[in-house]
Amino acid sequence: MPLPLVYHDDYSPPFPAGHRFPMEKFRLLRDHLVNSGLTNDADLLRPEPCSREVLALAHCPDYIERFLSGELTATEQRRLGLPWSEALARRTVRAVGGSLLAAELALEHGLACHLAGGTHHAHYDHASGFCIFNDLAIVARYLLEAGKVGRVLIFDCDVHQGDGTACLLEHIPDAVTVSLHCEKNFPARKARSDWDIPLPTGMGDADYLKVVDDSLNYLLPLYQPDLMLYDAGVDVHRDDALGHLHLSDAGIAARDEAVLRHCRERDIPVAGVIGGGYDKDRAALARRHGLLHHSAARVWEV
């Protein structure tokens, strides 16, 4: 069977040209994976929208309703950083459903990847940093409360700290939050993850990969999770507009493959989401995000 990959055409709704958030990257990522021969469109698995009830496992019901009906205040809208539309609302709940489907597929098959996800700045009752609903926290809460897992470990390698995830899961002992992030970057005020691993500005491939290996060699035996949610942000790249680390394409591919192999070797199911990535060259950005899926395919075939 092919590597389970999750995608929906709702992921790249119409968006203002030149906006800082690269909304078209999801569609371009799909095109890249198809054109590179990794998959074909018919094999991509289409998720259902996430229900309000499941969203409310991690978010304020009033906030959920106000966002979905387009009633955020001007201040909330600025904090989000995205222009509201019905298509954006539809995309948002569909993408959370995609992360949930990827996690369930990972539990079934050992490995699955989403072509979106990683909205780790969203908090209980407000959006932040382009993130509306926190798919990582929602998925963790849902799987734990449904009894599908006993422990989830979130391994967040986005260049920015997963502050929303840390806050939303702070009092959930069986959801372990791990954030490897550039110490001098957004958010200015850091939350407290279970494990925060701040990295110095300018860190390159070799030092970064050692941190990843050392972290996983320690944390995976310690917690023995039933599932890892892996945020494979590519804003660690040296050319990223919003990152301050110095990884190459090869370094990111090595990171992704290392994370997935650590899990596979320990029989820990892992679901990958793409996280952040910002580059005016949208095609290059899509290829960068595709490193996760190509790395997953190599691990899948072993």
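Tabulated data for the structure shown
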quantity	calculated
The range 27-44 - phi-based ³J(HN,Hα) in whole Hz, Karplus 6.51/-1.76/1.60, Gly and Pro as x	5, 5, 5, 4, 4, 5, 5, 6, 5, 7, x, 5, 8, 10, 4, 5, 8, 5
Relative contact order (%) - the range 177-236, alpha-carbon pairs under 8 angstrom, separation at least six	28
The range 5-301 - share of DSSP beta bridges that are antiparallel (%, nearest 5)	5
Nitroxide proxy distance, nm - points 7 Å out along Cα→Cβ at residue 108 and residue 189	4.3
Listed residue (84, 7, 19) projecting farthest to the positive dipole end of the chain, Cβ model	19
In sequence order, calculated HN-Hα J values of the range 289-302 (Karplus, 6.51, -1.76, 1.60; Hz; x Gly/Pro)	5, x, 4, 4, 6, 5, 5, 4, 5, 5, 5, 4, 7, 6
Selection from 74, 136, 251, by position along the positive dipole direction of the chain (Cβ)	74
C-alpha center-to-center spacing [the range 192-215, the range 70-143] in angstrom	25
Within the range 5-301: Cβ-based charge dipole about Cα centre, in debye rounded to nearest 20 (Lys, Arg +1; Asp, Glu -1)	480
Anisotropy class of the range 5-301 from Cα gyration tensor, a/c 1.5 cut	rounded
Helical contribution to [θ] at 222 nm, DSSP H n ≥ 4, -39,500 (n - 2.57), averaged over the chain, rounded to 500	-13000 deg cm²/dmol
Candidate lysines - alpha carbon under 22 Å from residue 210, same-chain residues fewer than 8 apart omitted	184
Nitroxide proxy distance, nm - points 7 Å out along Cα→Cβ at residue 249 and residue 17	2.7
Residue order, fewest to most beta carbons within 10 Å, for 199, 143	199, 143
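We did not get these values from a lab; they are worked out from the coordinates using the rules stated. Every value quoted in this text rests on a predicted model; they were computed, and no experiment measured them. Every residue, glycine among them, receives a Cβ derived from its backbone with ideal geometry; neighbour counts consider all protein chains shown.
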